[in-house]
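Trainee: Let me give you the structure first, and then I'll get to my questions.
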Amino acid sequence: MSSNQLHNDDSILEDLAPEVDRDLHSKHVRGTALLWLIMTVGGVLCGIYLTPRLMPHMFAKEGRDAVLTVQVFTVVAAPVAALVCAVALYSLLHTRHRASLEHPPKDGKPLRGNALASGAWLIVSTLLVVFLLFWGLTEWSAQQVVHADSLTVNVVGNQWVWDFEIPAQKVRLEGDKSLIITKAISMSQLNLPIDVPVTFNVTSKDVTHGFWPVNLGIQVDANPRATTTVHATPDRLGKFVVRCSQLCGLNHAYMYTEANIVSDSTFEAWVAGGATKPIGSLIAKGAA
Amino acid sequence: MRRLVGAGGALLLATVVIAAIGVGFSAQSYSAPIPVLKATPVGTDGTCGKQAPRVHLAIGAYPDSSGVDDQGNAVHPGGNPDWPAFGPSNEYSVPAGSCVTMTVTQYDSGELLNNAYFGKVAGTIGNKIHIESSGTNVSHCAEEPGAPATFAGDVTELQPCEIGHTFTMRPLPGVSPGFFLNVPLPVAGNYSGENVGNTKDFPHQTVTFSFLAGPKGSYSWNCEFPCGHGVASFGAVMGAYGYMSGYLHVI
Amino acid sequence: MMSTALLEDTVLSPTAGRLYRRQNALTGLLFGVGLAVLGWFIALNTVQSNENFGSDMTVAVTMTCWVIGFNIGIGTFNAVFAWVLGHDQSREDELYGAGVSQGRSRYFKYCTDHKVVGTQYLILVFVLFFVGGTLAMMIRTQLLTPNSSFLSPQTYNAVVSIHGMCMIIATIIMVSGPFANFIMPIMIGAKDMAFPRLNAMSFWVVVSAVPPLLATFFVGGVNAGWTTYAPLSVQDGPAMICFAITIITFVVSVTVAGINTLITVLTMRAKGMTFSRMPIFVWASVIGGGLGLYAMPAFLLAMTLMVADKATGTSFFVADQGGSGWLWENVFWIMGHPEVYVILIPPVGALMEVLSTFSRKPVFAYKMIIGAMTGVAGLSIMVWAHHMFTTGWAPDLAGPFMLTTELISIPTGIIFLAAIGTLWRGSNWVRLPMYFGFLFIWNFIVGGVTGIYLSDVPADNYFHGNMFVTAHFHYTLLGGAMIAATAGLCYWFPKVTGRMLDERVGRWAFWLIAIGFQVTYMAQFYEGFKGMPRRVANYDPVFRPENLVSSIGAYVLMAGWVVLLYALVSSWRNGAIAPANPWSAKSLEWHTETPVPLENFLQDPLVINDPYGYGGVASEQIHAVFGAHAHHGANNGDHTS
Ligand code: HEM
Ligand SMILES: [Cu+2]
Ligand SMILES: [Cu+2]
C-alpha cells in the first residue's frame, strides 16, 4: 500500500526546482485536457444524437423547439460540465494520496486563486448565459406570434376530466378552403385538423389544472375564474395524449385524454356528421 | 465479519420496519375492506350492437353512507353520516369484451352541476340512458317548490338542475384511451335534501344503461356532481377515496 | 476566567435551574397532549357545530394547543415568565440550563449548551430522514408497476405530500441545525451561541412541529403536494390545517435560529477572527441563515392566510370568491425559491471545508466563493416565477425571469470553479468525506445542467409538471445538498461524537448510495423526457421499464442510507476513540479537546491567519494561538507543522 505513496509525491519534486514544477504543471494540464476533450466530445455527441431519441415525436413546432433546445443546451453545457468532471476525475486518478487511510505526508500546492482562471471562467460563463438567454428569448418570441384566423378551442379542466368545445366559427383550412361550424361542438377528446393554427382558451371549473397536450410541447394552467391562452399548429397526423400537469386532487393521475390530429377531409366529414361519432372511426375512410 | 453481520442486521431491521409501515398504509388506503362486486355472464346477446356475453351490475347512490340499503347491507362500511356514497361497493369487475348493463338506483337529492357538460350522456350504447322515476322527485329548475323531475324512458341529456350524482368513467392511463363514459343520475326526492333515504320507501330514480367493456384493464370512475364541501364543493366526500369514486376492473 | 473543566464538575445547589429541574421531554409531551385534549374538548362543544368550518377550526385549536402546551411543558417560556415575575436567572441557573452535572438526561431537556442542541438536532434530522425515506419507499413501491393498487389515490397523494414536506424540513435543518450549532461557534472561537436560550427554543419548537405533520395521515391526508397550491389545498380536509400549523411553527424555529446565527457571528468571534479569516462554512451559515430570514416569513404569512381561508371562510386564495390561486403560487415561490438555497448554501460551505482539508490545500478563490454565495442568495430572491412559467400568470414576465434564472448559473458556476480549483494539484486524501465530496460534484453538475433546460421557457413548456422536474430537484437537493451535508457529517463526526467513524462500512454505504442514486434519478430523467407527469399514483404502461428501474434504484439507495446509519450508530457507541484533530485540519474546532468542554476552549484563541494555510510558508500555517502561550505559537492538537 504505502509503496504507492511515491507515485504522487509531486510536491516533493516541486521543492527541488521551479522548472520541475513547471514541467509537472504542464503534465497535469495535458492529462486534464485530454480527459476534458474526451468528455466534451462525448457530451456533444450525446446532445446531438441521444437527446432527441429520448423525447417523443412532436406534433408541432413548439415541441420540436423544446427538443432542439435540449440538444443545443446539452452541446453548450458539455464543455463546462466536462471541465469540472475532468479536473475532479484527474485529481482522483492522478493526484490522489494512495494510502487512503494514512495521513498524506505533504500538503498540496497552496494555490489560493488564479486571476486568469477565475477571469476566464467568469467571462466564458457570462457569454454562455447570454447565449442561453438569446436563444430562449428568440424561440419564445417566435412562439408568441398569433395567427389572425386561428381555430379557437375552449378547454375546460374539471376534477378529473378534460372537456373541449369548438365554438361556432369559420375555420380556414389549408388552401383557403373554409369550414363553417354552425353549432358549438363539445367533445371529450381533442380532435383537431392538421396544419390549422389553434388558439386554446383554457379555464377550470374547480381547482388549478395543467393543460398539457404532450406532443405539442405547449403547456398552460387551467385556472378557475381566469382564461389563459396558448397557441400551436399541429402539423402531423396521428394521436397523442393530453395530460394534467398540475396536481389536482384525488384522481389527478387519471385526468388525461386522447388528442387526434386528422386530415382536413376527415375533420370536415366528422363535423358534417354532427361531430358525435368517434373520430377514429372516420380516420380509415379519410386516409383512404 | 462482525461489521458485516451488523450492517446486514440493520438492513433487515429497517426492511421489516418499513414494510410494516407500508402494510399499515396500504391497509388504511381503503377505509374499510369493501369486497369487489363481481359480475358474471348470464348469456350472450346483441344488446351492445354485436354478439357479446351479457353481464348485469346493480348499484345505488345513497344519501347516507353510514346507513343500510334495502337488503340491509351497509352502504359503505364505517361510512360518515353526513356523506353520500355509492354502494354496496365502489369496485366492480366484469369480463373483458362483455356487454355490461348497469342499473344505478339514485336515492339522493342534488343542487347544481359545476359544468353542464356532465349533464350529457356519453359512451353508453346509443348515447342514451333509460330512467324510471318513482315517488315525487323535485328538481332545482324552478323557484320554490321546484319543478317535477319525473322520467319514464330514454334520455340523452339532463339539465344541470335535474342532477343528483353522475357516474363518470375513464380508463387508467394506457388502457383503451378513447373510452369515456358519462351518465347523469337525476335528482331523487327534493333537491333541498328533503324526503330522501336509502331505501325504496323513499323516492328514487332507476337509471339503466349498457356499454361494451373493452380489453383487460382498469377504469376509474367518480361522481362529477359537486356533493362535497369547500371549493367547488369538491372537498370532503369528493376527495375521500371510496365514497364517490372507485374502479371498474375488466378482467 | 473560570476554567471550563471545573465547570462540568461543579456541584450545583439542589435548587439551581428552578423550574427547569422538573421539565423534560416527558413533561412537554404531557402538557402538549393535555392542552390539546382540553382545546379539542372546548372546540368540540363550541366551534365544531359550524357546518362549513367546524372540523377545520377544531383541528386548528387542537394543534395550536399542542404546540403551545408542549413548549410550556418543556420550558420554552420559563425565562419569559420569570422575567415578568421579576426574577432573573442566577449564574447557577444558567449552568444548570447548560446541562452541568446532568449526564445524558440533558439531551431530553431544554438545554442551552450549543453542543447539546447541535446533537439534538442531529438526532432529529436522522429521525425525519428516516420517516421521509420510509414514505419514499411507499411511493416507489406504488410506482413499481403501472396500475398498482398498493395505495389508494388518496393515500398516495397524502404520502407524496408529507414525503415532500418532511424532507424539505429535514434538509433545511440538516446543516444549520447540527453543524451551525455544534461546530460553527467553535469555529469562530465563541463560548456559546449569542442567545443560548433561543437556541434551545429553536430546537424544541421544531420538535413540536413534527407531530402535526404526521397527524395529517389520521385526518384524511394532505392531497395537494408539498407546494399545497390553492385552491386545491383550501378544498382539502383538516389535514391541511395540521400541515399549516407545522409550517407556522417551523418558521418560528428557523427564524429564531437564523437570528441567533447571525448575531453570534457578528458579535462572538474570537480575537483576530476578522471577516476575511472566517472559515467558508461560517460564511455559508450566515448567508444561508440570513436568506432564511428573508424567505421563511413569507411561508408563515402564506400559511396563516391559508388557515384563515380554510377555518374562517376568508378568500385570499379562492378565485370563486374574489381571491387568487396565483397569489398563493407567488407567495409560495417567493419563499420557495430562496428556500432551496437556504438548504443548499450551508452544505456547500461544509463541503468547501472538506475539500480544503482533504486536498491539503487552501480553498481556491476564497473571496470569490463568498461573493458567489452572496450573489446566489441575492439573485435567488428574484427568480421565483420560473416555477410559474406555465401558470399563465404574467406571460410578459417570462423573459425577465428567464434572465434572472440563467444569471444565477454564473455564481453557481463559481462554486464549481472553487471546488475544482481546490482539488487541482491537491495532495488528495480520499477519506469518506471526500468520497461524498466527489459524488456531490457529479450530482450537482447534472442538477445544474438540467436546471438550465428548465429555465428556458419553451423547453419548460414540455418539462413542467413532469418527472424531469422531480429528477432535477432530487439531483440538486438530495444529490447535491444532502450529499454535501453527509460529507460534512463524516468530516465532523469525530468531533461531535468523540469516536472515529467506521470507514469500511461507511464506504459500502457510499457505493450503495452513489449507485442507487444514479439509477433512481437517471431513470426519472428518462421518464420525464418521455413525458411522464409527476405526482401520479398510476401511470401509462409505456413507462413501465424505467419506473421499475427507478424503484429498484430507490431500494438500493435506501439500503445505502440504512447501512450508513448503522455505521454512524455503531461507531458512535463503540468506535475507536477519536483524537482531537484526526484530519490535521486548521480551523478552531479541531484545536480544542474532544469531547469539547463546556464553553469550548480551555484557553482563549487568538486568530492570526485564515484556516487555509496548507502548504504555505510557516507563518501562514497557523490559524490561531491559544491563551498565555499566544506569543510562542503553540498550536495544540496540530500534528502537521
Ligand atoms: C443552475 C441552477 C438552477 C436552475 C437554472 C434551476 C431552474 C429551475 C427551474 C426553472 C425550475 C422549475 C421547473 C418547473 O417546475 O417547471 C426548477 C425547479 C426546482 N428546482 Fe431548480 N434550478 C437550479 C438549481 C437548483 C438548486 C441548486 C436547487 C436546490 C438546492 C433547486 C431546486 C429546485 C426545486 C426544489 C424545484 C422544484 C420544486 C417543485 O416544483 O416541487 N434547483 N429549477
Ligand atoms: Cu387536473
Ligand atoms: Cu426555483
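Here, each number is a calculation from the coordinates, and none is a lab measurement. From a predicted model like this one, the values you see are computed outputs, not experimental measurements. Cβ coordinates were reconstructed from backbone atoms using ideal geometry, including for glycine residues, and neighbour counts include every protein chain displayed.
Trainee: Quote the relative contact order of segment C:21-92 in percent (integer), defining contacts as alpha-carbon pairs under 8 Å separated by 6+ residues.
Mentor: Numbers: 78 pairs, mean separation 31.2, N = 72.
Relative contact order for segment C:21-92 comes out at 43 percent.
Trainee: Using just the helices of chain A, give the 222 nm mean residue ellipticity in deg cm²/dmol: DSSP H runs with n ≥ 4 each add -39,500 (n - 2.57), and the total is spread over all residues, rounded to 500. Walk me through the numbers before you get to the answer.
Mentor: Working: 8 runs with 124 residues, N = 288.
That comes out to -14000 deg cm²/dmol.
Trainee: What does the charge add up to near C:S550, with Lys and Arg as +1, Asp and Glu as -1, over the other residues with Cβ less than 10 Å from its Cβ?
Mentor: Working: positive: C:R140; negative: C:E527, C:E546.
So the surrounding residues net to -1.
Trainee: Let me ask you something else. Rounded to the nearest angstrom and ordered from largest down, what semi-axes does the equivalent ellipsoid of segment B:26-139 get from its C-alpha gyration tensor (root of 5λ)? Numbers along the way, then the final one.
Mentor: Details: eigenvalues 137, 91, 38 Å².
Ellipsoid half-lengths, sorted descending, are 26, 21, 14 Å.
Trainee: A further question on this structure: With the contact rule set at Cα under 8 Å and sequence spacing of 6 or more, what percent relative contact order holds for segment C:283-415? Spell out each step's value before the answer.
Mentor: Working: 138 pairs, mean separation 37.1, N = 133.
Computed value for segment C:283-415: 28 percent relative contact order.
Trainee: Regarding segment C:362-511, what is the average projected area of its C-alpha convex hull, in nm²?
Mentor: Seen from a random direction, the Cα hull of segment C:362-511 projects 10.5 nm² on average.
Trainee: Now, a different point. Taking every residue in B:213-220, how many Cβ atoms of other protein chains lie within 10 Å of its Cβ, on average? Before the final figure, lay out the partial values.
Mentor: Values: counts 0, 0, 0, 0, 3, 5, 1, 10.
That works out to 2 on average.
Trainee: Run the lone-cysteine check on chain B: no other Cys C-beta under 4.7 Å from the residue's C-beta.
Mentor: So far as the 4.7 Å Cβ criterion goes, B:C223, B:C227 stand without a partner in chain B.
Trainee: Further question on the same structure: R0 = 56 Å: FRET efficiency of A:E19 with A:L237, Cβ-based, nearest 0.05? Mind showing how you got there, number by number?
Mentor: Numbers: r = 70 Å, r/R0 = 1.25.
Step by step, r from the Cβ atoms, then E = 0.20.
Trainee: Let me ask you something else. Hey, can you rank B:212-225, A:123-136, C:137-150 by average C-beta count inside 10 Å, highest first? Present the calculation step by step, with values, prior to reporting the outcome.
Mentor: Working: B:212-225: 21.6, A:123-136: 16.5, C:137-150: 20.1.
Sorting B:212-225, A:123-136, C:137-150 by mean packing, highest first, produces B:212-225, C:137-150, A:123-136.
Trainee: Next question. A:K239: which lysines have alpha carbons under 19 Å from its alpha carbon, excluding same-chain residues fewer than 8 sequence positions away?
Mentor: A:K239 reaches A:K61, A:K277, A:K285, C:K530.
Trainee: On average, how much area does the Cα convex hull of chain C cover when viewed from any direction, in nm²?
Mentor: Working: hull surface 114.1 nm².
Averaging across all directions leaves 28.5 nm² for the Cα convex hull.
Trainee: So, counting K/R as plus one and D/E as minus one, what does the shell of residues with Cβ under 13 Å around C:Y526 add up to? If you can, show how the numbers build up before the last one.
Mentor: Numbers: positive: A:R53, C:K530, C:R544; negative: C:E527, C:E546.
Computed value for this residue: +1.
Trainee: Expressed as a rounded percentage, what relative contact order does chain C have, with Cα pairs under 8 Å and six or more residues apart?
Mentor: Working: 1133 pairs, mean separation 89.8, N = 641.
Worked out over chain C, it gives 14 percent.
Trainee: Give me the inter-chain shielding for A:149-159: mean count of other chain Cβ atoms within 10 Å, whole number please.
Mentor: Details: counts 0, 0, 0, 0, 0, 0, 0, 3, 1, 9, 11.
Partner Cβ neighbours, averaged per residue: 2.
Trainee: Work out how much length C:N45 to C:V542 would gain on full extension: take 0.36 nm times their residue separation and subtract the Cα-Cα distance, in nm to one decimal.
Mentor: Details: separation 497, 0.36 × 497 = 178.92 nm, distance 5.32 nm.
Net length gain for the segment: 173.6 nm.
Trainee: I would also like to ask the following. Once the Cα atoms of segment C:83-129 are picked out, what are the Rg and Dmax in Å?
Mentor: Every Cα atom of segment C:83-129 included, Rg and Dmax give 13.2, 42 Å.
Trainee: Here is a follow-up. Taking loop as defined by DSSP and a crowding limit of 13 other beta carbons within 10 Å, which GluC sites (Glu not before Pro) in segment B:55-160 fit?
Mentor: B:E143
Trainee: Could you run the Karplus curve 6.51 cos²θ - 1.76 cosθ + 1.60 with θ = phi - 60° over segment B:9-25 and give me ³J(HN,Hα) per residue in whole Hz, x for Gly and Pro?
Mentor: Residue by residue, segment B:9-25 yields x, 4, 4, 4, 4, 4, 4, 4, 4, 5, 4, 4, 4, x, 4, x, 4 Hz.
Trainee: Ok, one more. Could you list C:K109, C:K191 so that the one with the fewest beta carbons within 10 Å of its beta carbon is first and the one with the most is last?
Mentor: Values: C:K109 25, C:K191 17.
Fewest-to-most Cβ neighbours within 10 Å comes out as C:K191, C:K109.
Trainee: While we're here: How well do other chains shield peptide C:610-617, expressed as the mean number of their Cβ atoms within 10 Å of each residue Cβ? List each step's numbers first, then the result.
Mentor: Values: counts 1, 0, 2, 3, 5, 8, 4, 1.
Neighbouring Cβ atoms belonging to other protein chains average 3 per residue here.
Trainee: Could I ask something else about it? Greater than 23 Å separation of Cα atoms is the criterion. Which listed pairs, C:K367/C:K586; B:K38/B:K120; A:K109/C:K115, meet it? Can you show the working numbers first?
Mentor: Working: C:K367/C:K586 19 Å; B:K38/B:K120 28 Å; A:K109/C:K115 35 Å.
Pairs exceeding 23 Å: B:K38/B:K120; A:K109/C:K115.
Trainee: Okay, next question. Compute, for the protein assembly as shown, the length of the dipole vector about the Cα centre, with Cβ point charges of +1 (Lys, Arg) and -1 (Asp, Glu) only. Units Debye, rounded to 20. Let's see the in-between values first.
Mentor: Numbers: 62 positive and 73 negative charges, 604 e Å.
Dipole magnitude for the protein assembly as shown comes out near 2900 debye.
Trainee: Send over the semi-axes of the protein assembly as shown's equivalent ellipsoid, whole angstrom and largest first, taken as the square roots of 5 times the C-alpha gyration tensor eigenvalues.
Mentor: On the way: eigenvalues 668, 273, 119 Å².
Gyration-tensor ellipsoid for the protein assembly as shown: 58, 37, 24 Å.
Trainee: Let me ask something else. For the protein assembly as shown, give me the percentage of DSSP beta bridges that are antiparallel, rounded to the nearest 5 percent. Can you show the working numbers first?
Mentor: Numbers: 77 of 107 bridges.
Expressed as a percentage, antiparallel bridges in the protein assembly as shown total about 70.
Trainee: Let me ask something else about it. Can you name the helices of chain C, as whole DSSP H runs, whose Cα span along the helix axis is 27 Å or more and whose Kyte-Doolittle mean is not below 1.6?
Mentor: On the way: long enough: C:25-45 (30 Å, 1.90); C:54-74 (30 Å, 1.19); C:114-142 (42 Å, 1.24); C:153-176 (35 Å, 1.27); C:196-215 (30 Å, 1.15); C:239-267 (42 Å, 2.14); C:280-312 (47 Å, 1.45); C:325-359 (50 Å, 0.90); C:432-455 (34 Å, 1.45); C:503-530 (40 Å, 0.23); C:544-574 (45 Å, 0.72).
Those that clear 27 Å and a mean of 1.6 are C:25-45, C:239-267.
Trainee: Fewest first, what order do B:H130, C:H474, C:H591 take by the number of other Cβ atoms within 10 Å?
Mentor: On the way: B:H130 18, C:H474 21, C:H591 24.
Neighbour counts put them in this order, fewest first: B:H130, C:H474, C:H591.
Trainee: Among C:R106, A:R243, B:R2, which comes first, second and so on when ranked by fewest other beta-carbon atoms within 10 Å? Walk me through the numbers before you get to the answer.
Mentor: Numbers: C:R106 21, A:R243 26, B:R2 7.
Ascending Cβ contact count within 10 Å gives the list B:R2, C:R106, A:R243.
Trainee: Something else about it: Where the convex hull is taken over the Cα atoms of chain B, what is its projected area averaged over directions, in nm²? Don't jump to the answer; show the numbers that get you there.
Mentor: Values: hull surface 68.5 nm².
Orientation-averaged projected area of the Cα hull: 17.1 nm².
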